[in-house]
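Down below is the structure, laid out as structure tokens.
The values are calculated or read from the model by the stated rules, or taken from the named source; none is laboratory data. Everything numeric in this text was worked out from a predicted model, so none of it was measured. Every residue, glycine as well, gets a Cβ built from its backbone with ideal geometry; the counts of neighbours run over all protein chains shown.
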Amino acid sequence: GAVVSQHPSWVICKSGTSVKIECRSLDFQATTMFWYRQFPKQSLMLMATSNEGSKATYEQGVEKDKFLINHASLTLSTLTVTSAHPEDSSFYICSARDPGMTSRNEQFFGPGTRLTVL
Amino acid sequence: GESVGLHLPTLSVQEGDNSIINCAYSNSASDYFIWYKQESGKGPQFIIDIRSNMDKRQGQRVTVLLNKTVKHLSLQIAATQPGDSAVYFCSAGGTSYGKLTFGQGTILTVHP
């Protein structure tokens with residue numbers, strides 16, 4: 001149980017275009033999802049917390065107008081990288097909490113999306 | 001704010017050896033800790049967790065130790081296998097709030 005998927009698994013785009021990444025919880029409903037960015041040989045850096053039915057909470061230094069997050073349903077959150085530039089190239093990973101696991105704060109991670117901006 | 005760090009960025013061991021990966025955290029309010037394993041090009045996978053009311057927890061071939069006094073935790077892997085080769089991250093957070101803060105990561109390489 002507790003499977004999280006991401007789509008696409010990789011994407012290459014031209015500078016200036018926008019890219020949408022989907023994160024889905026497959027076998028549970030997730031009121032909260034998280035978006036991380038990971039550069040090569042570095043740790044996961046939390047970008048934002050996605051809350052179903054409300055605005056996302058962004059971490060300090062993350063541009064909310066550049067990284068648009070929508071959590072329209074209990075099983076889907078999307079991250080849109082707007083006007084992407086080469087420095088946005090990274091591995092984007094989402095995670096979700098299972099609200100049924102009230103005694104644990106475990107996050108279940110998706111497989112990640114490799115974004116390359118040319 | 002929370003920061004979580006690791007003492008050793010790389011660790012190389014021989015197959016069959018025991019491995020120990022260390023981690024330090026800064027926020028004394030953290031009461032929940034998770035170790036994750038990440039293989040190349042994949043998302044992190046849960047290994048084991050521990051709450052602050054415990055100082056040791058064992059799983060299959062893995063043990064997590066928590067020292068709240070010095071804000072340190074470790075992951076011990078017994079009889080390390082080549083399939084254990086990956087990057088290992090500690091994370092710290094709270095059962096009452098959602099965010100997890102991840103450590104730097106340790107690259108574990110197991111030689112046959």
Quick one: which strands (runs of 3 or more DSSP E) lie wholly within chain B and hold at least 2 residues that are in contact (Cβ under 8 Å) with a residue 12 or more places away in the chain? B:10-14, B:19-25, B:32-38, B:45-51, B:62-67, B:72-77, B:86-94, B:97-102, B:106-111
Based on this model, can you work out whether residue B:49 counts as crowded, with 16+ Cβ neighbours inside 10 Å and at negative phi? yes
Would you mention how many residues in segment A:13-29 are closer than 26 Å to residue A:84 by Cβ, among the hydrophobic types (A, V, I, L, M, F, W, C) and crowded, with 18+ Cβ neighbours inside 10 Å? 3
Please verify whether residue A:82 is β-branched (Val, Ile, Thr), at the interface with chain B (Cβ under 10 Å from one of its Cβ atoms) and farther than 25 Å from residue B:49 by Cα, treating the condition exactly as stated. no
Residue pairs, Cβ under 7 Å, 6 or more apart or interchain, first in segment A:106-118 and facing chain B (nearest Cβ under 7 Å), second assigned to a loop (DSSP other than H, G, I, E, B). List them. A:109/B:43; A:109/B:44; A:110/B:43; A:111/A:9; A:111/B:42; A:111/B:43; A:112/B:42; A:112/B:43
Can you tell me which condition residue A:31 does not meet? The list is (1) within 26 Å of residue B:90 (Cβ to Cβ); (2) modelled with pLDDT of 90 or more, and all the others hold. (2)
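Table: residues versus (1) within 12 Å of chain A (Cβ to nearest Cβ); (2) more than 14 Å from residue A:44 (Cα to Cα); (3) surrounded by fewer than 17 Cβ atoms within 10 Å (Cβ to Cβ); (4) under 15 Å from the mean Cα position of the chain (by Cα).
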residue: B:64; (1), (2), (3), (4): no, yes, no, yes
residue: B:72; (1), (2), (3), (4): no, yes, yes, yes
residue: B:85; (1), (2), (3), (4): no, yes, no, yes
residue: B:100; (1), (2), (3), (4): yes, no, no, yes
Quick check on segment A:85-99: of everything there that is touching a residue at least 60 places away in the same chain (Cβ under 8 Å) and within 14 Å of chain B (Cβ to nearest Cβ), which residue is farthest from the chain's Cα centre (by Cα)? A:99
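So that you can scan it fast, the table gives a plain yes or no per residue for (1) polar (S, T, N, Q); (2) farther than 25 Å from residue B:45 by Cβ; (3) more than 14 Å from chain B (Cβ to nearest Cβ):
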{"position": "A:4", "(1), (2), (3)": "no, no, no"}
{"position": "A:12", "(1), (2), (3)": "no, yes, yes"}
{"position": "A:15", "(1), (2), (3)": "yes, yes, yes"}
{"position": "A:26", "(1), (2), (3)": "no, no, no"}
{"position": "A:33", "(1), (2), (3)": "no, no, no"}
{"position": "A:40", "(1), (2), (3)": "no, no, no"}
{"position": "A:55", "(1), (2), (3)": "no, yes, yes"}
{"position": "A:58", "(1), (2), (3)": "no, yes, no"}
{"position": "A:64", "(1), (2), (3)": "no, yes, yes"}
Quick check, is residue A:66 over 30 Å from residue B:106 (Cβ atoms) and among the basic types (Lys, Arg)? yes
Scanning segment B:32-46 for residues that are facing another protein chain (nearest Cβ under 7 Å) and within 17 Å of residue B:98 (Cβ to Cβ), the one surrounded by the fewest Cβ atoms within 10 Å (Cβ to Cβ) turns out to be B:46
